[in-house]
Amino acid sequence: MDLTSLGWNGDFENNFESYKNSGLIPARVALEQKERYVLFSEFGELAAQISGRMRHVAVSRADFPAVGDWVAADVRIKEKTATIHAILTRRSSFSRTAVLGGAKTDEQVMAANIDTVFLVAGLDSDFNIRRIERYLSIIWNSGASPVVILNKADLCEDVEVRLEQVGNSAMGIPIHAVSALDKTGLDSIRDHLKNGKTAVFLGSSGVGKSTIINGLFGDDRLKTGAVREYDGKGRHTTT
Ligand SMILES: Nc1nc2c(ncn2[C@@H]2O[C@H](COP(=O)(O)OP(=O)(O)OP(=O)(O)O)[C@@H](O)[C@H]2O)c(=O)[nH]1
Ligand SMILES: [Mg+2]
């Protein structure tokens, strides 16, 4: 696996400098389940856990690795396993505030280091401008940049009217009307995808996220897990 195609760039490189001499390698968290992690690295996929010290000093759930994090890890190449020692500084993060009881809350990071969020909405009868506005405020709060994708243009009589309506709510944000079914407009999405950058697709169930991703990359991509999908609650619906 090539690190740049996994989203590695100069900022992370600088951040990693201090770990280089300790024999650690950079790797990206692809999956997390009950504190067991799958990392993508130059040595391929690694099954990983965090170091005892890291668990000991963690004060919040945000101190644990999240999907999308770049970490410094000690790798055992033959076994394809690794121990995570540190999280590189997050450039953006989607967080959820967990209520612990009483007035106590904790921050849980759902996804880290996302550059671009494709907010997908359907141009069918489900179209709802308020919902789009709510999603956009979540995206701005994360530190990532939104791009609005109005899918199912084939089902809409007034695409121009919708584009203008969304444009008024989403000043300065790129907006593209596409039809994943007809495979029209997909190049406008492709133009936002760059090496060294990470993009995710966000939107309610049924708006066409999987269909768009399959149209962009072919069916294989979803199966490999290199593209990940989130719904409104930040859960993965497709891996
Ligand atoms: N007419 C029309 N239907 C579409 C288009 N894109 C997707 N669909 C249909 O919409 C339905 C839902 O599409 P999905 O791609 O599964 O939606 P999703 O956003 O991935 O949904 P979840 O995985 O549940 O979050 C499917 O029946 C698709 O065939 C489109 O551009 N036009
Ligand atoms: Mg899907």
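Okay, here's what the table says:
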{"read-out": "Members of the stretch 181-192 found to be touching a residue at least 40 places away in the same chain (Cβ under 8 Å) and either within 11 Å of ligand 2 (Cβ to nearest atom) or open to solvent by 30 Å² or more (accessible area, probe 1.4 Å) (or both), listed by number", "value": "His192"}
{"read-out": "Residue within the stretch 140-156 that is of a type in the set (Val, Ile, Thr) and assigned to a helix (DSSP H, G or I) present", "value": "no"}
{"read-out": "Some residue of the stretch 157-176 being open to solvent by less than 40 Å² (accessible area, probe 1.4 Å), away from ligand 1 (no atom under 16 Å from the Cβ), in contact with a strand residue (DSSP E or B) (Cβ under 7 Å, 6 or more places away or on another chain) and outside any loop (DSSP other than H, G, I, E, B)", "value": "yes"}
{"read-out": "Output for the stretch 193-207, where each listed residue is within 14 Å of ligand 1 (Cβ to nearest atom) and open to solvent by less than 60 Å² (accessible area, probe 1.4 Å)", "value": "Val200, Phe201, Leu202, Gly203, Ser204, Gly206, Val207"}
{"read-out": "Residues of the stretch 1-60 that turn out to be of a type in the set (Gly, Ala, Ser) and closer than 15 Å to Asn113 by Cα, as a count", "value": "5"}
{"read-out": "First in the stretch 118-137 and among the β-branched types (Val, Ile, Thr), second anywhere and assigned to a helix (DSSP H, G or I), Cβ under 8 Å, 6 or more apart", "value": "Val120/Lys209; Val120/Ile212; Ile129/Gln165; Ile129/Val166; Ile129/Ser169; Ile132/Val166; Ile132/Ser169"}
{"read-out": "Residue in the stretch 109-130 that is of a type in the set (Phe, Trp, Tyr), open to solvent by less than 30 Å² (accessible area, probe 1.4 Å) and closer than 21 Å to Asp69 by Cβ present", "value": "yes"}
{"read-out": "Flag for Thr89 being hydroxyl-bearing (Ser, Thr, Tyr), within 30 Å of Lys20 (Cβ to Cβ) and part of a strand (DSSP E or B)", "value": "no"}
{"read-out": "Any hit, the stretch 38-61, residues being at pLDDT below 95 and in contact with an Asp or Glu (Cβ under 9 Å, 6 or more places away or on another chain)", "value": "yes"}
{"read-out": "Top-ranked residue in the stretch 83-108 [being touching a residue at least 60 places away in the same chain (Cβ under 8 Å) and surrounded by fewer than 19 Cβ atoms within 10 Å (Cβ to Cβ); ranked as farthest from Glu45 (Cα to Cα)]", "value": "Arg96"}
{"read-out": "Total residues in the stretch 21-43, condition at positive phi and within 20 Å of the chain's Cα centre (by Cα)", "value": "2"}
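The values are calculated or read from the model by the stated rules, or taken from the named source; none is laboratory data. These numbers come from a predicted model, not from an experiment. Cβ atoms come from the backbone with ideal geometry, glycine included; neighbour counts cover every protein chain shown. Surface accessibility is based on the protein's heavy atoms, side chains included, excluding ligands, DNA and RNA. Shrake-Rupley method; radii C 1.70, N 1.55, O 1.52, S 1.80 Å.
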